[in-house]
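The values are calculated or read from the model by the stated rules, or taken from the named source; none is laboratory data. Just so you know, these numbers come straight off a predicted model, no measurement behind them. Note that we place each Cβ from the backbone using ideal geometry, even for glycine, and neighbour counts take in every protein chain shown. The accessibility values were calculated without ligands, DNA or RNA, using every heavy atom of the protein model including side chains. Shrake-Rupley method; radii C 1.70, N 1.55, O 1.52, S 1.80 Å.
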Amino acid sequence: MSEKSFFVDIDCFQQKKHGQNAFGDCFKSKRFTDEGRLLAVLSDGLGSGIKANILATMTATMILKFIEDGKDILKATEVIMNSLPVCQVRKISYSTFSAFECSDEGEIKIVEEGNPDFIHIRNGRLVEHTPRIVTSKKFTNRHMHLYNFKLEPEDRLIFCSDGVTQAGMGTDEYKLGWRREGLIEFVESEIKRDPSISSRHLAMEIVKESIRKEPDHQSKDDVSALVLYFRKPRKLLIFTGPPYRQDRDAEYSKIFDDFDGRKAIVGGTTANLIARELGREITTEKYNKGMLPACSHMDGVDLITEGILTLTKVLEYLNEGYDRWPDDAAGRLIELLLDSDVINFMIGSKLNQAHYDPDLPLELEIRKNVVKQLEKILSGRYIKKVNLKFI
């Protein structure tokens, strides 16, 4: 990635309808790092629960698959629009959707059918767009809104299901719901309060605020917020494990120290190596939270943790998909990971014999395999750009 490149930071936060076991909305995305483009779909299934989940998942999966296979986003969504059946009772579509394709240069194509209109915030204020409208050949009351424009650095786009804009509907304060106007006002205030707020945190705040509009603070519908933030990439370097060749310790320590971004060391041996080569002191926190070893500190490093135990716990937390992470070493490392866009791992190849004890639990895999699993989940589920370098 060149220094002039930008990053398309997206994240989606969702809440099921109160009392339901399945999400009635579905979010799917895929980043094509080599091509410099990102695809994303947010679909809202009719009703709630399992039936809505099936409808929304089917819609989002098909749109993403069509575009992934090379079909133009308009053609892909037009096929879906003309294919989705209509509920015979309510006379409305079985699912609605918002889909977009965005390049690393900020060229974006958006297609929406039935979902609330997206919100575009630039320099803290709303930017409105006039859509091109395509009407279904099969269902004349079904229309798609098409947009094609170029994002500017620091632009944000907000997509949502109607569980957000209809929050609080029927209450004295929100007879017609929170509505798009209320959401716009809230988003503008959140960005003013924290101009660098990430897509993940803004999406979470939108969903939480919409649920607060309900009189009992329980979601009356499935609630989803998808946020896109176009900005310079936030970079993170994680050094874990000593290099295979000890005579290159000084070289790799300098690469680590010169890195332009946030830095973390995972592993006590690695931390001691860096401290020795850079002539710095390590201090360890007195109080430990949780079962993992305590974190340590060194000038010029954002976080230092123990090695394989912490990495394995990070993988466990990410696989569980928690909304909040425990305040231990793994939770703190996850916060760094998820608040970064481009994550670089320097993985030392020197073997640590302690990890080959056959009596150790199976989950204590060697460092390389754990990092490869982390790369898969960070790039897949969390849509990060991840680079691995074995040294």
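Of the numbered conditions (1) among the polar types (S, T, N, Q); (2) modelled with pLDDT of 95 or more; (3) open to solvent by 30 Å² or more (accessible area, probe 1.4 Å), Q218 satisfies every one except a single condition; which is it? Exception for Q218: condition (2). Name, by its number, the condition in (1) open to solvent by less than 40 Å² (accessible area, probe 1.4 Å); (2) under 22 Å from the mean Cα position of the chain (by Cα) that does not hold for A76. So the condition that A76 fails would be (2).
Could you run through the stretch 218-257 and say how many residues are of a type in the set (V, I, T) and under 22 Å from V301 (Cβ atoms)?
Total satisfying the criteria: 3.
Note on the stretch 180-298: enclosed helices (runs of 4 or more DSSP H) holding 1 or more residues that are under 23 Å from L126 (Cα atoms) are 199-212.
Only one of the numbered conditions (1) touching a residue at least 40 places away in the same chain (Cβ under 8 Å); (2) not in a loop (DSSP other than H, G, I, E, B) is not met by S349, and that is (2).
Taken together, L176, L236 contain a single residue that is among the aliphatic types (A, V, I, L, M) and open to solvent by less than 20 Å² (accessible area, probe 1.4 Å), which is L236.
Within the stretch 358-380, work out how many residues are surrounded by 15 or more Cβ atoms within 10 Å (Cβ to Cβ) and modelled with pLDDT under 75. Residues meeting the conditions: 2.
Regarding S29, is this residue outside the structural domain of I383 (by TED's automatic domain parsing) and closer than 20 Å to D11 by Cα?
So S29 passes the test.
Restrict the check to the stretch 134-148 and report whether at least one residue is within 23 Å of the chain's Cα centre (by Cα), surrounded by 20 or more Cβ atoms within 10 Å (Cβ to Cβ) and of a type in the set (A, V, I, L, M, F, W, C). Scanning the stretch 134-148 turns up no residue that is within 23 Å of the chain's Cα centre (by Cα), surrounded by 20 or more Cβ atoms within 10 Å (Cβ to Cβ) and of a type in the set (A, V, I, L, M, F, W, C).
Can you say whether E188 is surrounded by fewer than 18 Cβ atoms within 10 Å (Cβ to Cβ), more than 26 Å from D72 (Cα to Cα) and at pLDDT 95 or above, as far as the supplied structure shows? Write out each step before concluding.
On the way: surrounded by fewer than 18 Cβ atoms within 10 Å (Cβ to Cβ): yes; more than 26 Å from D72 (Cα to Cα): yes; at pLDDT 95 or above: yes.
Yes, satisfied.
Give the residue, chosen from T270, T283, that is surrounded by fewer than 14 Cβ atoms within 10 Å (Cβ to Cβ) and over 28 Å from the mean Cα position of the chain (by Cα).
T283
Looking at this structure, is F159 within 29 Å of the chain's Cα centre (by Cα), surrounded by fewer than 18 Cβ atoms within 10 Å (Cβ to Cβ) and in a strand (DSSP E or B)? Taking the combined requirement at face value, the residue does not satisfy it. Hey, among the residues in the stretch 335-357 that are within 26 Å of D247 (Cβ to Cβ) and modelled with pLDDT of 80 or more, which one's most open to solvent (accessible area, probe 1.4 Å)? Step by step, filter the stretch 335-357, then rank; the result is N344.
Which ranges mark the strands (runs of 3 or more DSSP E) fully within the stretch 8-125 that have 2 or more residues being without any contact (Cβ under 8 Å) to a residue 40 or more places away in the chain? The qualifying strands (runs of 3 or more DSSP E) are 25-32, 107-113, 119-122. Considering A275, A329, the condition of being buried (at least 20 other Cβ atoms within 10 Å of the Cβ) and in contact (Cβ under 8 Å) with a residue 12 or more places away in the chain is satisfied by A329 alone. Is it the case that some residue within the stretch 301-318 is of a type in the set (F, W, Y), open to solvent by 10 Å² or more (accessible area, probe 1.4 Å) and farther than 25 Å from V386 by Cα? No: the stretch 301-318 contains no residue that is of a type in the set (F, W, Y), open to solvent by 10 Å² or more (accessible area, probe 1.4 Å) and farther than 25 Å from V386 by Cα.
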